[in-house]
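To keep things clear, I will list the structure first and then write my remarks on it.
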Amino acid sequence: MAVPTMDIQAYILPTPSDIAAAFVDHHETILAELQVTLREFAIGFGLTLVSGYLLSLVMFEWKVMEITFFPYVIVIRSIPIVTLLPIFIVWFGFGMNTVITVSYLISFFPMVVNTLSGFQETDEQLVEMLESFSANRWQVYKNIYLYSSLPTVFAGIKISVILAFTGAIVGEFLIGNQGIGTLILEYNNGFGTTAAMFAAVFTVSISSLACFGAVVALERFVIDWV
(Lines give C-alpha, C1' and ligand atoms only; values in the text may rest on other atoms or scores of the structure.)
Protein backbone atom coordinates (compact mmCIF):
# COMPACT_ATOMS: atom_id res chain seq x y z
CA MET A 1 0.00 0.00 0.00
CA ALA A 2 2.84 2.41 0.78
CA VAL A 3 4.50 2.14 -2.64
CA PRO A 4 1.61 3.57 -4.71
CA THR A 5 0.82 6.14 -2.01
CA MET A 6 4.39 7.46 -2.09
CA ASP A 7 4.27 7.59 -5.90
CA ILE A 8 7.37 5.41 -6.29
CA GLN A 9 7.89 4.19 -9.83
CA ALA A 10 7.50 0.45 -10.34
CA TYR A 11 10.93 0.16 -11.98
CA ILE A 12 12.48 1.45 -8.73
CA LEU A 13 10.39 -0.39 -6.15
CA PRO A 14 7.55 -2.63 -7.39
CA THR A 15 4.54 -3.31 -5.21
CA PRO A 16 4.24 -6.62 -3.33
CA SER A 17 1.46 -7.65 -5.69
CA ASP A 18 3.71 -6.96 -8.69
CA ILE A 19 6.49 -9.02 -7.11
CA ALA A 20 4.11 -11.89 -6.39
CA ALA A 21 2.77 -11.77 -9.94
CA ALA A 22 6.32 -11.71 -11.32
CA PHE A 23 7.18 -14.79 -9.27
CA VAL A 24 4.16 -16.62 -10.67
CA ASP A 25 5.18 -15.65 -14.21
CA HIS A 26 8.87 -16.49 -13.77
CA HIS A 27 8.75 -19.19 -11.09
CA GLU A 28 9.96 -22.00 -13.36
CA THR A 29 13.09 -20.07 -14.32
CA ILE A 30 13.70 -18.80 -10.79
CA LEU A 31 13.33 -22.23 -9.20
CA ALA A 32 15.42 -23.91 -11.89
CA GLU A 33 18.29 -21.47 -11.32
CA LEU A 34 17.82 -21.79 -7.55
CA GLN A 35 18.47 -25.52 -7.86
CA VAL A 36 21.83 -24.76 -9.46
CA THR A 37 22.71 -22.40 -6.61
CA LEU A 38 21.61 -24.92 -4.00
CA ARG A 39 23.83 -27.54 -5.62
CA GLU A 40 26.83 -25.21 -5.47
CA PHE A 41 25.98 -24.29 -1.89
CA ALA A 42 25.54 -27.91 -0.83
CA ILE A 43 28.95 -28.92 -2.19
CA GLY A 44 30.74 -25.90 -0.74
CA PHE A 45 29.02 -26.24 2.63
CA GLY A 46 29.59 -29.98 2.72
CA LEU A 47 33.30 -29.47 2.10
CA THR A 48 33.34 -26.87 4.87
CA LEU A 49 31.73 -29.22 7.38
CA VAL A 50 33.96 -32.20 6.67
CA SER A 51 37.32 -30.48 6.15
CA GLY A 52 36.72 -27.86 8.85
CA TYR A 53 35.84 -30.43 11.48
CA LEU A 54 38.65 -32.82 10.58
CA LEU A 55 41.28 -30.07 10.41
CA SER A 56 40.17 -28.78 13.82
CA LEU A 57 40.40 -32.27 15.28
CA VAL A 58 43.88 -32.79 13.82
CA MET A 59 45.08 -29.42 15.12
CA PHE A 60 43.66 -30.18 18.55
CA GLU A 61 45.26 -33.62 18.78
CA TRP A 62 48.65 -32.51 17.50
CA LYS A 63 49.72 -29.04 18.60
CA VAL A 64 52.45 -28.96 15.97
CA MET A 65 49.69 -29.16 13.35
CA GLU A 66 47.90 -26.22 14.97
CA ILE A 67 51.10 -24.19 14.95
CA THR A 68 51.67 -25.15 11.31
CA PHE A 69 48.21 -24.76 9.77
CA PHE A 70 46.22 -22.30 11.88
CA PRO A 71 48.21 -19.24 10.72
CA TYR A 72 47.47 -20.23 7.11
CA VAL A 73 43.76 -20.45 7.91
CA ILE A 74 43.87 -16.92 9.30
CA VAL A 75 45.90 -15.60 6.36
CA ILE A 76 43.53 -17.12 3.81
CA ARG A 77 40.52 -15.63 5.62
CA SER A 78 42.14 -12.20 5.82
CA ILE A 79 42.59 -12.01 2.04
CA PRO A 80 39.52 -10.57 0.27
CA ILE A 81 38.03 -13.31 -1.89
CA VAL A 82 37.67 -10.91 -4.81
CA THR A 83 41.43 -10.58 -5.07
CA LEU A 84 41.76 -14.37 -5.41
CA LEU A 85 39.22 -14.67 -8.23
CA PRO A 86 41.78 -14.31 -11.05
CA ILE A 87 43.69 -17.26 -9.58
CA PHE A 88 40.52 -19.34 -9.24
CA ILE A 89 39.53 -18.55 -12.82
CA VAL A 90 42.93 -19.74 -14.05
CA TRP A 91 42.67 -22.91 -11.98
CA PHE A 92 38.98 -23.76 -12.34
CA GLY A 93 37.65 -21.53 -15.12
CA PHE A 94 34.34 -19.69 -15.10
CA GLY A 95 31.30 -21.39 -13.66
CA MET A 96 30.35 -23.84 -10.96
CA ASN A 97 33.79 -24.98 -9.77
CA THR A 98 34.92 -21.45 -8.99
CA VAL A 99 31.59 -20.59 -7.34
CA ILE A 100 31.93 -23.65 -5.09
CA THR A 101 35.47 -22.59 -4.19
CA VAL A 102 34.26 -19.12 -3.20
CA SER A 103 31.43 -20.60 -1.13
CA TYR A 104 33.86 -22.97 0.58
CA LEU A 105 36.54 -20.43 1.43
CA ILE A 106 34.06 -17.88 2.78
CA SER A 107 32.45 -20.39 5.14
CA PHE A 108 35.52 -22.40 6.15
CA PHE A 109 37.02 -20.09 8.80
CA PRO A 110 34.17 -19.98 11.38
CA MET A 111 33.78 -23.75 11.18
CA VAL A 112 37.44 -24.31 12.02
CA VAL A 113 37.61 -21.67 14.76
CA ASN A 114 34.42 -22.72 16.55
CA THR A 115 35.14 -26.44 16.35
CA LEU A 116 38.67 -26.01 17.66
CA SER A 117 37.34 -23.82 20.48
CA GLY A 118 34.78 -26.49 21.35
CA PHE A 119 37.50 -29.10 21.76
CA GLN A 120 39.73 -26.76 23.75
CA GLU A 121 36.95 -25.73 26.14
CA THR A 122 36.16 -29.32 27.17
CA ASP A 123 36.39 -29.94 30.91
CA GLU A 124 39.76 -31.63 31.37
CA GLN A 125 38.64 -33.17 34.67
CA LEU A 126 36.21 -35.36 32.74
CA VAL A 127 39.03 -36.38 30.42
CA GLU A 128 41.33 -37.24 33.32
CA MET A 129 38.57 -39.23 35.00
CA LEU A 130 37.94 -41.31 31.89
CA GLU A 131 41.66 -41.82 31.32
CA SER A 132 41.99 -43.04 34.88
CA PHE A 133 39.78 -45.96 33.84
CA SER A 134 42.29 -46.81 31.07
CA ALA A 135 40.24 -45.26 28.28
CA ASN A 136 42.17 -44.80 25.04
CA ARG A 137 42.17 -41.58 23.03
CA TRP A 138 39.36 -42.68 20.72
CA GLN A 139 37.13 -43.53 23.70
CA VAL A 140 37.87 -40.15 25.26
CA TYR A 141 36.95 -38.38 22.03
CA LYS A 142 33.78 -40.43 21.50
CA ASN A 143 32.49 -40.08 25.05
CA ILE A 144 33.63 -36.57 25.99
CA TYR A 145 35.04 -34.32 23.28
CA LEU A 146 32.42 -35.23 20.69
CA TYR A 147 29.47 -34.36 22.92
CA SER A 148 30.86 -31.48 24.95
CA SER A 149 31.93 -29.60 21.82
CA LEU A 150 28.53 -29.87 20.08
CA PRO A 151 27.11 -26.46 21.13
CA THR A 152 30.20 -24.64 19.90
CA VAL A 153 30.42 -26.75 16.76
CA PHE A 154 26.81 -25.97 15.90
CA ALA A 155 27.48 -22.29 16.51
CA GLY A 156 30.12 -22.52 13.80
CA ILE A 157 27.80 -24.48 11.51
CA LYS A 158 25.08 -21.83 11.83
CA ILE A 159 27.52 -19.12 10.83
CA SER A 160 28.99 -21.22 8.02
CA VAL A 161 25.64 -22.16 6.49
CA ILE A 162 24.74 -18.50 5.93
CA LEU A 163 28.23 -17.65 4.66
CA ALA A 164 28.30 -20.64 2.30
CA PHE A 165 24.97 -19.63 0.76
CA THR A 166 26.10 -16.02 0.52
CA GLY A 167 29.38 -17.13 -1.03
CA ALA A 168 27.54 -19.08 -3.73
CA ILE A 169 25.46 -16.00 -4.62
CA VAL A 170 28.51 -13.72 -4.59
CA GLY A 171 30.42 -16.16 -6.77
CA GLU A 172 27.56 -16.20 -9.27
CA PHE A 173 27.47 -12.41 -9.28
CA LEU A 174 31.16 -12.20 -10.08
CA ILE A 175 31.99 -15.12 -12.35
CA GLY A 176 28.96 -17.39 -12.60
CA ASN A 177 27.29 -18.39 -15.85
CA GLN A 178 24.24 -19.97 -14.20
CA GLY A 179 22.41 -19.93 -10.88
CA ILE A 180 19.99 -17.52 -9.28
CA GLY A 181 22.70 -14.91 -8.66
CA THR A 182 23.38 -14.74 -12.38
CA LEU A 183 19.62 -14.59 -13.00
CA ILE A 184 19.27 -11.62 -10.66
CA LEU A 185 21.92 -9.77 -12.65
CA GLU A 186 20.12 -10.60 -15.89
CA TYR A 187 16.85 -9.24 -14.50
CA ASN A 188 18.70 -6.17 -13.22
CA ASN A 189 20.05 -5.46 -16.70
CA GLY A 190 16.75 -6.16 -18.43
CA PHE A 191 13.91 -3.80 -19.23
CA GLY A 192 10.72 -4.16 -17.23
CA THR A 193 12.05 -7.02 -15.12
CA THR A 194 12.51 -5.20 -11.80
CA ALA A 195 9.62 -7.08 -10.20
CA ALA A 196 11.10 -10.38 -11.34
CA MET A 197 14.46 -9.34 -9.86
CA PHE A 198 12.79 -8.65 -6.50
CA ALA A 199 11.01 -12.00 -6.71
CA ALA A 200 14.37 -13.74 -7.23
CA VAL A 201 15.93 -11.78 -4.35
CA PHE A 202 13.11 -12.77 -2.00
CA THR A 203 13.51 -16.38 -3.12
CA VAL A 204 17.18 -16.21 -2.17
CA SER A 205 16.31 -14.75 1.23
CA ILE A 206 13.71 -17.41 1.97
CA SER A 207 16.05 -20.20 0.85
CA SER A 208 18.87 -18.89 3.04
CA LEU A 209 16.55 -18.70 6.06
CA ALA A 210 15.31 -22.22 5.33
CA CYS A 211 18.88 -23.55 5.33
CA PHE A 212 19.59 -21.79 8.62
CA GLY A 213 16.35 -23.09 10.10
CA ALA A 214 17.24 -26.63 9.08
CA VAL A 215 20.56 -26.35 10.95
CA VAL A 216 18.79 -24.97 14.04
CA ALA A 217 16.27 -27.84 13.95
CA LEU A 218 19.10 -30.36 13.55
CA GLU A 219 20.97 -28.79 16.47
CA ARG A 220 17.94 -29.10 18.76
CA PHE A 221 17.39 -32.69 17.70
CA VAL A 222 21.00 -33.76 18.13
CA ILE A 223 21.62 -31.98 21.44
CA ASP A 224 18.32 -33.22 22.92
CA TRP A 225 19.11 -36.71 21.67
CA VAL A 226 22.59 -36.87 23.18
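The values are calculated or read from the model by the stated rules, or taken from the named source; none is laboratory data. Note that the structure is predicted; figures quoted are calculated from it, not measured. Note that each Cβ is placed from the backbone with ideal geometry, even for glycine, and that neighbours are counted across all protein chains shown. Accessible surface areas use protein heavy atoms only, side chains included; no ligands, DNA or RNA. Shrake-Rupley method; radii C 1.70, N 1.55, O 1.52, S 1.80 Å.
Descriptive notes on the structure:
- Residues that are among the aliphatic types (A, V, I, L, M), crowded, with 18+ Cβ neighbours inside 10 Å and at pLDDT below 90 within region 20-58 comprise just one, ALA22.
- Selection within region 152-173 - in contact with a Gly (Cβ under 7 Å, 6 or more places away or on another chain) and more than 29 Å from ILE184 (Cα to Cα): THR152, VAL153
- Just one of the numbered conditions (1) in contact with a Phe, Trp or Tyr (Cβ under 6 Å, 6 or more places away or on another chain); (2) modelled with pLDDT under 80; (3) open to solvent by less than 40 Å² (accessible area, probe 1.4 Å) is not true of ARG77: (3).
- Any hit, region 153-175, residues being farther than 24 Å from PHE41 by Cβ and assigned to a helix (DSSP H, G or I): no
- Of all residues making up region 40-69, the number that are free of Cβ contacts under 8 Å to residues at least 40 places away in the same chain, over 17 Å from the mean Cα position of the chain (by Cα) and in a helix (DSSP H, G or I): 8
- Subset tally (residues that are free of Cβ contacts under 8 Å to residues at least 40 places away in the same chain and either of a type in the set (Asp, Glu) or within 18 Å of GLY46 (Cα to Cα) (or both)) for region 176-213: 4
- The set of residues in region 135-149 that are assigned to a helix (DSSP H, G or I) and surrounded by 16 or more Cβ atoms within 10 Å (Cβ to Cβ) comprises VAL140, TYR141, ILE144, TYR145, LEU146, SER148.
- PHE212 being in a helix (DSSP H, G or I) and either modelled with pLDDT under 90 or open to solvent by less than 20 Å² (accessible area, probe 1.4 Å) (or both): no
- Sole exception among (1) touching a residue at least 12 places away in the same chain (Cβ under 8 Å); (2) on the phi > 0 side of the Ramachandran plot for SER134, by number: (1)
- SER117 open to solvent by 40 Å² or more (accessible area, probe 1.4 Å), without any contact (Cβ under 8 Å) to a residue 60 or more places away in the chain and either under 25 Å from ALA214 (Cα atoms) or in a loop (DSSP other than H, G, I, E, B) (or both): no
Okay, residues lined up against (1) more than 27 Å from ALA20 (Cβ to Cβ); (2) open to solvent by 40 Å² or more (accessible area, probe 1.4 Å); (3) touching a His at 6+ places or on another chain (Cβ under 8 Å):
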site: ILE169; (1), (2), (3): no, no, no
site: ILE175; (1), (2), (3): yes, no, no
site: GLN178; (1), (2), (3): no, yes, no
site: LEU183; (1), (2), (3): no, no, no
site: ALA196; (1), (2), (3): no, no, yes
site: VAL204; (1), (2), (3): no, no, no
site: ARG220; (1), (2), (3): yes, yes, no
